[in-house]
Amino acid sequence: MTEGATETAVRGDSGVATAALVASRVVDVPDFPKPGVVFKDLSPVFADGAVFHRVIDAMVDHYGDGFDVVVGIEARGFVLAAAVAYATGAGVVPVRKAGKLPRAAYAASYELEYGTAELEVHRDAFGPGQRVLVVDDVLATGGTAEASLALVERAGGTVAGFTVVLELGFLGGRTRLAPRPVHALLSV
Ligand code: AMP
């Protein structure tokens, strides 16, 4: 396959070159964590300094100065959110799995394929009028992101947008988050 043919096969909101770079490092793990699921392992994206740098720069460039605080969704979202926050001088706030936060928190439940899960954010996480960029590694069905954005809004933040390294477009998560802005470096 020629280089051009490879590049037309990938797409993302920060251009074909960035999408292709991410795609070159994603490892598909069939039947993890259960049969029928293809887990998108982004560990090689995080582990390669040049690629990680490009990922963070693309997220920062896309949203510019349009946010004041960065939220990371437990656990892989923490890695990305901290880097975006550091690069821009913004603060970073965790959205955590239930029972981990030590002070008064808001909780939001969402559906998993089997059963439900719950995420929490501290009630005082955001100041008045703060614009919040929410970051995670993968957007699949959108349940995790939808719950996280609802938590941000309930805690008084204004959602500036949502960004991920990889979006499983065929699952329709982006539609679920509309009309909030969604940015994915690689859409498959
Ligand atoms: P969802 O709520 O369905 O959008 O799932 C998104 C969350 O689950 C993210 O925090 C991802 O880390 C994780 N996730 C879901 N599906 C996958 C997948 N196929 N590969 C890797 N991570 C996934």
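Computed from the coordinates by the stated procedures, all read-outs in this text should not be read as laboratory data. Since the structure is predicted, the reported quantities are computational estimates derived from the model, not experimental observations. Here the Cβ positions follow ideal geometry from the backbone for every residue, glycine too, while neighbour counts run over all protein chains shown.
For the stretch 101-143, chymotrypsin sites (Phe, Trp or Tyr not before Pro) are listed when DSSP marks them as loop and at most 11 other Cβ atoms sit within 10 Å of their Cβ; the list is Y114.
Between the Cα long axis of helix 16-25 and the first principal axis of the chain there is an angle of about 90°, rounded to the nearest 10. Each residue in L133, L168 was given a count of other beta-carbon atoms within 10 angstrom of its own, and listing them fewest first yields L168, L133. Distance between the pseudo-spin-label points of A98 and T175 (7 Å out from Cα toward the beta carbon): 2.9 nm. Neighbour counts of other Cβ atoms within 10 Å put E118, E113, E146 in the fewest-to-most order E113, E118, E146. Neighbours of V159 by Cβ distance under 10 Å: Lys/Arg scored +1, Asp/Glu scored -1, total +1.
What is the sum of charges, Lys and Arg at +1 and Asp and Glu at -1, for the other residues whose Cβ falls under 14 Å from the Cβ of T141? Cβ neighbours under 14 Å give a net charge of -2.
When peptides 39-51, 22-34, 83-95 are ranked by their average number of other Cβ atoms within 10 Å per residue, the highest-first order is 83-95, 39-51, 22-34. A crude spin-label estimate for the pair Y86 and E118, with each label 7 Å from Cα along the Cβ direction, gives 3.3 nm.
Between the helical axis of 76-88 and the longest alpha-carbon principal axis of the chain there is an angle of about 80 degrees. Stretched out straight at 0.36 nm per residue, the stretch from V38 to D61 would grow longer than its current Cα-Cα span by 5.3 nm.
Charges were assigned to the Cβ only: +1 to each Lys and Arg, -1 to each Asp and Glu. The resulting dipole of the chain about its Cα centre is roughly 420 debye.
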